[in-house]
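Data first, discussion second: the structure below is written as structure tokens.
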Amino acid sequence: MDWFKKPKYTTVRVSAKKKTDIPDNLVTRCPGCSEIVFNKEIEKALRTCPKCNHHFNIPARERIQLLADNGVLLEETTGRIKAANPLEFPDYTEKIEKGSKKTGLQDAIQAGICTIGGKRTALAVTDFDFMGGSMGSVIGEEIARLIERAIKERLPVVIVSASGGGARMQEGIVSLMQMAKTSAALARLAAAKLLYISVLTNPTGGGVTASFAMLGDIIMAEPNALIMFAGPRVIEQTIRQHLPKRFQRAEFLLEHGMLDMIVKRQELKHTIARLLPISCP
Ligand SMILES: [Zn+2]
């Protein structure tokens with residue numbers, strides 16, 4: 001029969017459209033190296049690409065699992081306050097509800113008390129999946145309260161930022177006031193001689209970069225994280241010049257003295273645990 005004379009293997013050309021038909025839950029095309037990688041392998045590597053070390057975004061809940069001893073907060077301090085819509089901004093309430101549904105959080109932050117490497121620590125993590133991790137009145141208040149608690153109990157503070165959204169525009173001046181509130185709280189923490197480690201992840205921007213994210217006694221970032229105030233496109237259009245390659249990426253910022261270190265996700269917990277004993281007992 002003719003059928004058996006056909007070559008055993010045939011090359012199947014997959015059209016660009018069909019490539020996206022691969023089930024999402026099985027493989028991912030890595031934005032770093034464009035390779036198709038099994039999701040299982042990405043998960044195993046703590047949501048990084050095993051081929052090029054691209055760091056994928058992770059939700060706050062998973063970040064806490066990664067950093068806190070036993071993967072849990074001993075006490076969660078967030079979840080009791082919810083954003084109002086002070087300017088009656090159209091669709092803001094719906095966006096909050098959508099973010100809540102997506103992340104299971106009241107707002108773009110999860111925080112509490114945990115131990116890291118056995119050291120009692122106040123830990124806060126912002127969540128990019130909730131309105132870009134943007135800081136409104138809730139994030140500002142939660143961070144300020146956590147810092148006040150840390151001062152009271154003499155704990156070091158670790159804040160992990162995934163806040164590409166910066167200050168939340170839907171809350172206007174109220175969200176901008178959170179920059180001053182969190183910065184003032186951190187000034188009190190510094191006056192109490194307690195350690196603050198800021199961890200910047202991709203992306204961190206706007207009013208978050210311009211306040212608590214850049215005020216760490218130690219500032220570390222994950223590889224290739226985009227850390228900015230205004231984004232590169234806005235800057236290029238304003239100054240009418242091309243920006244250097246890798247501008248605003250963690251490696252560029254380290255070279256220019258904006259960061260203390262770049263730490264791979266796999267080494268993040270160990271690095272923080274090693275640094276925490278610097279703080280007062
Ligand atoms: Zn990759």
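Rounded to the nearest 20 debye, what is the charge dipole size of the chain about its Cα centre when +1 sits on each Lys and Arg Cβ and -1 on each Asp and Glu Cβ?
Numbers: 39 positive and 29 negative charges, 188 e Å.
With only Lys, Arg, Asp and Glu charged at Cβ, the dipole is about 900 debye.
Angle, helix 137-153 long axis vs. longest principal axis of the chain, Cα atoms, 0 to 90°, nearest 10?
Tilt of helix 137-153: around 60 degrees.
For the chain, modelled as a GNM with alpha-carbon contacts under 10 angstrom, which of Asn25, Asn70, Asn224 fluctuates the most?
Ranking Asn25, Asn70, Asn224 by mean-square fluctuation puts Asn25 first.
Regarding the chain, what whole-number volume in Å³ per residue does the convex hull of its Cα atoms give?
183 Å³
Just to be sure I understand: with springs between alpha-carbon atoms less than 10 Å apart, which residue in Ala111, Ala144, Ala221 has the highest mean-square fluctuation in the Gaussian network model of the chain?
Taking springs between Cα atoms under 10 Å, the residue moving most is Ala144.
Could you tally the net charge around Tyr92, taking each other residue with its Cβ under 14 Å from the Cβ of Tyr92, Lys/Arg +1 and Asp/Glu -1?
-2
Just to confirm my numbers, what's the Cα centroid distance between region 57-99 and region 184-226 in Å?
18 Å
Please give the net charge around Glu255, taking every other residue with its beta carbon less than 15 angstrom from that of Glu255, where Lys and Arg add +1 and Asp and Glu add -1. It would help to have the intermediate numbers written out before the result.
Working: positive: Lys245, Arg246, Arg249; negative: Glu251, Asp260.
So the surrounding residues net to +1.
If packing is taken as the mean number of other Cβ atoms within 10 Å per residue, what is the order of 235-243, 198-206, highest first?
Per-residue Cβ counts within 10 Å, averaged per peptide and sorted highest first, yield 198-206, 235-243.
So what's the net charge close to Ala45: Lys and Arg +1, Asp and Glu -1, counting the other residues with Cβ under 12 Å from its Cβ? Intermediate results must be reported in sequence, preceding the final value.
Working: positive: Lys40, Lys44, Arg47, Lys51, Lys264, Arg265; negative: Glu41, Glu43.
Surrounding charge for Ala45 is +4.
Helix 92-103 sits at what angle to the longest principal axis of the chain, using alpha carbons and giving 0 to 90 degrees rounded to 10?
The helix 92-103 is inclined about 70 degrees to the chain.
For the chain, set up a GNM with springs between Cα atoms under 10 Å and report which of Met177, Met220, Met135 has the largest fluctuation.
It is Met177.
Here are some pairs, Lys82/Lys269; Lys51/Lys264; Lys82/Lys119; which of them have Cα atoms lying more than 21 Å apart in this structure? Intermediate results must be reported in sequence, preceding the final value.
Working: Lys82/Lys269 30 Å; Lys51/Lys264 14 Å; Lys82/Lys119 30 Å.
From Lys82/Lys269; Lys51/Lys264; Lys82/Lys119, over 21 Å: Lys82/Lys269; Lys82/Lys119.
Read-outs throughout are calculated quantities, based only on the coordinates presented, and are distinct from any laboratory measurement. From a predicted model like this one, the values you see are computed outputs, not experimental measurements. Positions of Cβ are generated from backbone atoms using ideal geometry, with glycine treated the same way; all protein chains shown enter the neighbour counts.
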